[in-house]
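Scroll down for the structure; my scribbles are underneath it.
The values are calculated or read from the model by the stated rules, or taken from the named source; none is laboratory data. On a predicted model such as this, the values are computed, not experimentally measured, just so you know. Neighbour counts run over all protein chains shown; Cβ positions are idealised from the backbone, glycine included.
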C-alpha cells in the first residue's frame, strides 16, 4: 500500500512502508522537477518487477545472470493502451536459458496486473 499527500502545488509526497517517494508533474505542465512524474513511476514499477523476477528465477536455477537492463515506455494511452518493454540479459547464459528468462519476464506480478482488466474503487472521505 502507498499513501500520499500534496506537498506543494503539483508535488505528491508518498510513503510505501518506511520508504519515501516524491512525484512531480512534468515541467511542461507546471511541475518543478522534484521527482519523476506519475507515468514514469508507472513505467518504473514494471521495470523493477521485471528485473527482480528475472534475478529471482535465475538465482533459483543457479543460472549466471549477472544483470538485466530493462526499459519501459508508454507508447499509447487510452482504452487500448500499449507499452514497449526492452529487456537486455547480461551474463553467461545458454540460448535456452535466455529464452526461458524472456518468457519469465511476462510472469512478473506487475506485468500480470498491467495486462489484466483492472477496476478501481474510490472510497470517499
> Among the residues of the range 95-119, how many are assigned to a loop (DSSP other than H, G, I, E, B) and either in contact with a helix residue (DSSP H, G or I) (Cβ under 6 Å, 6 or more places away or on another chain) or closer than 15 Å to residue 54 by Cβ (or both)?
Replying inline: 3
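For the range 59-78, check the following and say yes or no: at least one residue is in the same structural domain as residue 94 (by TED's automatic domain parsing), in a loop (DSSP other than H, G, I, E, B) and farther than 30 Å from residue 97 by Cβ.
Looking only at the range 59-78, we keep the residues that are in the same structural domain as residue 94 (by TED's automatic domain parsing), and these are 59-78.
Now drop any that are not in a loop (DSSP other than H, G, I, E, B), which leaves 61-63, 77-78.
Remaining after also requiring farther than 30 Å from residue 97 by Cβ: 77-78.
The answer is yes, given that some residue of the range 59-78 is in the same structural domain as residue 94 (by TED's automatic domain parsing), in a loop (DSSP other than H, G, I, E, B) and farther than 30 Å from residue 97 by Cβ.
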> Looking at (1) more than 17 Å from the chain's Cα centre (by Cα); (2) closer than 13 Å to residue 50 by Cβ, can you tell me which one residue 91 breaks?
Replying inline: (2)
> What is the number of the single condition among (1) without any contact (Cβ under 8 Å) to a residue 24 or more places away in the chain; (2) crowded, with 16+ Cβ neighbours inside 10 Å; (3) farther than 19 Å from residue 44 by Cα that residue 103 does not meet?
Replying inline: (2)
> Can you name the residue in the range 27-71 that is within 10 Å of the chain's Cα centre (by Cα) and farther than 17 Å from residue 118 by Cβ and, of all such residues, is surrounded by the most Cβ atoms within 10 Å (Cβ to Cβ)?
Replying inline: 50
> Checking residue 91 against (1) touching a residue at least 12 places away in the same chain (Cβ under 8 Å); (2) assigned to a strand (DSSP E or B); (3) at negative phi, which test does it fail?
Replying inline: (3)
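Could you please let me know if residue 94 is at pLDDT below 95, assigned by TED's automatic domain parsing to the domain that holds residue 63 and surrounded by 10 or more Cβ atoms within 10 Å (Cβ to Cβ)?
On the way: at pLDDT below 95: no; assigned by TED's automatic domain parsing to the domain that holds residue 63: yes; surrounded by 10 or more Cβ atoms within 10 Å (Cβ to Cβ): yes.
Against the criterion (at pLDDT below 95, assigned by TED's automatic domain parsing to the domain that holds residue 63 and surrounded by 10 or more Cβ atoms within 10 Å (Cβ to Cβ)), residue 94 does not qualify.
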> Right, residue 7: in a strand (DSSP E or B), more than 18 Å from the chain's Cα centre (by Cα), in contact (Cβ under 8 Å) with a residue 12 or more places away in the chain and surrounded by 13 or more Cβ atoms within 10 Å (Cβ to Cβ) or not?
Replying inline: yes
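Can you tell me how many residues in the range 49-65 are within 12 Å of residue 109 (Cα to Cα) and out of contact with any helix residue (DSSP H, G or I) (no Cβ under 9 Å at 6 or more places or on another chain)? If you could, list the steps in order and put the result at the bottom.
In the first step, residues of the range 49-65 are kept if they are within 12 Å of residue 109 (Cα to Cα); the result is 49-54.
Right, trim to out of contact with any helix residue (DSSP H, G or I) (no Cβ under 9 Å at 6 or more places or on another chain) and you get 51-52.
Count: 2.
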